[in-house]
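First comes the structure, then the notes that go with it.
All of the numbers you see were taken from the coordinates with simple rules; none came from a lab. Quick caveat: nothing in here was measured; it's all calculated off a predicted structure. Glycine gets a Cβ as well: all are built from the backbone with ideal geometry, and neighbour counts include every protein chain shown.
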């Protein structure tokens, strides 16, 4: 059972981030979240599913782990698949719900909180279990505006009163915090007639340092990097030595 992820107590150093990037390259694959708005205006009907097929083909590569998160006024539990190519697409499309049921409106701000905290949890679990972390991407399939500033939920007409965008609420502050914690780059893709926002997240974790008896500190990330990189580093060093010696 995983421990709920919380913000770290120490920012990552540039050297630590470089090490995490190296771990992700060695491990291979990505987490790709398909964040799907189920409200009627988005149109997840039969033509909509064809567009989803195009989106999947454009954004996924064999070896990726696909996490389907659907939302309206609430966010549904994620569905997870290991993408192996075109043969995986029918299985993915088959589990995507057609509509939000009785729910009205889209709480895009809480959907953002749920999605970003979810991906942070994935890599933090890998850190704790000494597994390679992954780069991550969230594909937003929605007509709602993203990254509405905290306290300005009125910018989106479908936001409910309990929205994570309401200023000073704990949910709003948590959303802002996770959006600041995750190193994100937004880009647009256009599969077919749709223009979608993809948020790419650099492989990252939350660093925690505690005092060491007798002085100094014990930090999670440094120990993790040593465990993950010692063997590749040894191999690379051996290859370099053979090259220098001409062997």
- Which angle between 0 and 90 degrees, to the nearest 10, do you get for helix 170-181 versus the longest principal axis of the chain when only C-alpha atoms count? 50 degrees
- So what is the calculated 222 nm ellipticity per residue for the chain, using -39500 (n - 2.57) for each DSSP H run with n of 4 or more, over all residues, to the nearest 500 deg cm²/dmol? -12500 deg cm²/dmol
- Query: Among 55, 185, 96, which one moves the most in a GNM of the chain with springs linking Cα atoms closer than 10 Å?
  - Reply: 185
- For helix 220-245, report the angle its Cα long axis makes with the longest principal axis of the Cα atoms of the chain; keep it between 0 and 90° and round to the nearest 10°. 50 degrees
- Query: Tilt of helix 14-27 relative to the longest C-alpha principal axis of the chain, in degrees (0 to 90, nearest 10)?
  - Reply: 80 degrees
- the stretch 14-201 - share of DSSP beta bridges that are antiparallel (%, nearest 5): 55 percent
- Task: Please work out how much length the chain gains when fully extended from residue 222 to residue 10, using 0.36 nm per residue of separation minus the C-alpha to C-alpha distance, in nm with one decimal.
- Result: 75.1 nm
- Note on the structure: So residue 98 and residue 157, fully extended at 0.36 nm per residue minus their Cα-Cα distance, gain in nm 19.0 nm
- Note on the structure: Computed on Cα atoms, the radius of gyration and Dmax of the stretch 14-201 in angstrom are 16.5, 49
- So what is the relative contact order for the chain, in percent, with contacts set as C-alpha pairs under 8 Å and at least six apart? 24 percent
- Taking R0 as 30 Å, what's the FRET efficiency between residue 91 and residue 189 from their Cβ-Cβ distance, rounded to 0.05? 0.85
- Protection-proxy order for peptides 25-37, 162-174, each taking the mean of Cβ atoms within 10 Å per residue, highest first: 25-37, 162-174
